[in-house]
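The values are calculated or read from the model by the stated rules, or taken from the named source; none is laboratory data. All figures in this text were calculated on a predicted structure; none of them were measured in a lab. In this analysis, Cβ positions are derived from the backbone assuming ideal geometry, glycine residues included, and neighbour counts consider all displayed protein chains.
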Amino acid sequence: MDAVLTCMVDEKLGPGELNAKLIQTVKEFTGCDGAVAFRSPSIALSYALKALDLSADSGIMISALAPSWQYHAVTSLGYKALVLDVAEETGLVTVEAIQNGIKEGGRLLLLHETMGILPDMESICALGIPVIEDISHSVGAVKKTSQEENSPQKTSADKKAGSFGVFSIMGLEEFDSVTGGGGAVLMAPGRREWIVLKNFVSNAPDTDILPDMNSALAWIQLKEFERNEAVRKSLFAVFQRSLMSGKNKTFVRDSDEGSTIWSFPVVLAGSFKDARQYASRKEIEIRLAYEKSVISLIDEESRSKYVHANSLYLRCVLFPLYPRLGSEAATKISKVLGTLP
């Protein structure tokens, strides 16, 4: 936290040295060619769309379980939001749903990689449409490509979250994996994409760029990411074992590097009301996982077309999982997960 305190003492709160440090660390961590830190994910998206020169009124496909800012940003920028249903076992949009979205006029996919789980990126990229990855939950995840299956060099074909799309957005909001208390980093994975993007951001006003105060907090979080992720994965494994003894379930994910741990989602067999009351009696607070997602903006009658997303919206909850949770709290949560109604 020294970096944050230094900002306050020196009164260097606007975009400056620590913003540059954050960008350098992002580049080293993700392997992207260039990046810019903005004050919000919506601002980051606006610059990505400028760089892509996507024509007005184009259809942009988003998940029904993506954070609601995506819908607001897409529509406020003059584009048509095409909302897609998800697979119930992962909470991710499927290739079939994307194909249907393309038939309805989708020209770009804004891909939210929910709960730190990476989808079938090779099949998605093979559809031939531009993809902007939202890696706010999945930063740090690694996808093993099909080349690796027949290769003796295990790491040669690994690709990180954020390296599949033309651009990627890493949110720095309160509940994102890496938080700066607000903001987002827009990344260009390759040289060609960065050259185009750089032309648009070189004259960006300071009011669009992330201040040093937020940059300092995000920089610290990213520097500590691997250590914190190891703790999160250890807790996740304990919680998952406990959950297996009950009647509820969690999402399907790669158990190794193919996913990162954002929280501990539980898909309830019963009602949220019953689960919340039971957990509350054990002094554990749970909340709906997708209460602020795109589907929450859709009227109840129209939600019926998003069968799986609507089911998860009503039945998927989050249990506390963070590096400084503590062994006493973790033990209490484990016991509740095994007996949850």
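A compact table of results
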{"read-out": "Of all residues in segment 35-56 being buried (at least 20 other Cβ atoms within 10 Å of the Cβ) and in contact with a helix residue (DSSP H, G or I) (Cβ under 7 Å, 6 or more places away or on another chain), the one that is nearest to residue 110 (Cα to Cα)", "value": "45"}
{"read-out": "Selection from segment 255-265 of residues that are touching a strand residue (DSSP E or B) at 6+ places or on another chain (Cβ under 8 Å) and farther than 26 Å from residue 96 by Cβ", "value": "257, 263, 264"}
{"read-out": "Residue 65 of a type outside the set (Asp, Glu), assigned to a loop (DSSP other than H, G, I, E, B) and under 18 Å from the mean Cα position of the chain (by Cα)", "value": "yes"}
{"read-out": "Unique match (being over 26 Å from residue 173 (Cα atoms) and of a type outside the set (Lys, Arg)) among 242, 263", "value": "242"}
{"read-out": "Residues of segment 285-310 classified as closer than 22 Å to residue 96 by Cβ and either within 20 Å of the chain's Cα centre (by Cα) or outside the structural domain of residue 330 (by TED's automatic domain parsing) (or both), total", "value": "7"}
{"read-out": "Residues of segment 170-214 that turn out to be among the polar types (S, T, N, Q) and under 23 Å from residue 113 (Cα atoms), as a count", "value": "2"}
{"read-out": "Scan of segment 247-275 for residues that are more than 30 Å from residue 144 (Cα to Cα), in contact with a Leu (Cβ under 9 Å, 6 or more places away or on another chain) and among the charged types (D, E, K, R), ordered by number", "value": "247, 274"}
{"read-out": "Single unsatisfied condition, residue 208 versus (1) charged (D, E, K, R); (2) at pLDDT below 95; (3) surrounded by 13 or more Cβ atoms within 10 Å (Cβ to Cβ)", "value": "(2)"}
{"read-out": "Residue match in segment 318-332 (condition: under 30 Å from residue 101 (Cα atoms), crowded, with 18+ Cβ neighbours inside 10 Å and modelled with pLDDT of 95 or more)", "value": "yes"}
{"read-out": "Selection from segment 292-307 of residues that are surrounded by fewer than 19 Cβ atoms within 10 Å (Cβ to Cβ) and closer than 20 Å to residue 249 by Cβ", "value": "307"}
{"read-out": "Looking only at segment 230-282, and only at residues there that are assigned to a helix (DSSP H, G or I) and β-branched (Val, Ile, Thr), the one that is surrounded by the most Cβ atoms within 10 Å (Cβ to Cβ)", "value": "238"}
{"read-out": "Hey, residue 26 without any contact (Cβ under 8 Å) to a residue 40 or more places away in the chain, under 19 Å from the mean Cα position of the chain (by Cα), closer than 29 Å to residue 206 by Cβ and part of a helix (DSSP H, G or I) or not", "value": "no"}
{"read-out": "Subset of segment 202-229 that is touching a strand residue (DSSP E or B) at 6+ places or on another chain (Cβ under 7 Å) and assigned to a loop (DSSP other than H, G, I, E, B) - its residue that is nearest to residue 35 (Cα to Cα)", "value": "210"}
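One line per residue, one yes/no per condition, for (1) farther than 26 Å from residue 110 by Cα; (2) under 17 Å from the mean Cα position of the chain (by Cα); (3) not hydrophobic (A, V, I, L, M, F, W, C):
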position	(1), (2), (3)
188	no, yes, no
201	no, no, no
212	yes, no, yes
224	yes, no, yes
238	yes, no, no
241	yes, no, yes
246	yes, no, yes
249	yes, no, yes
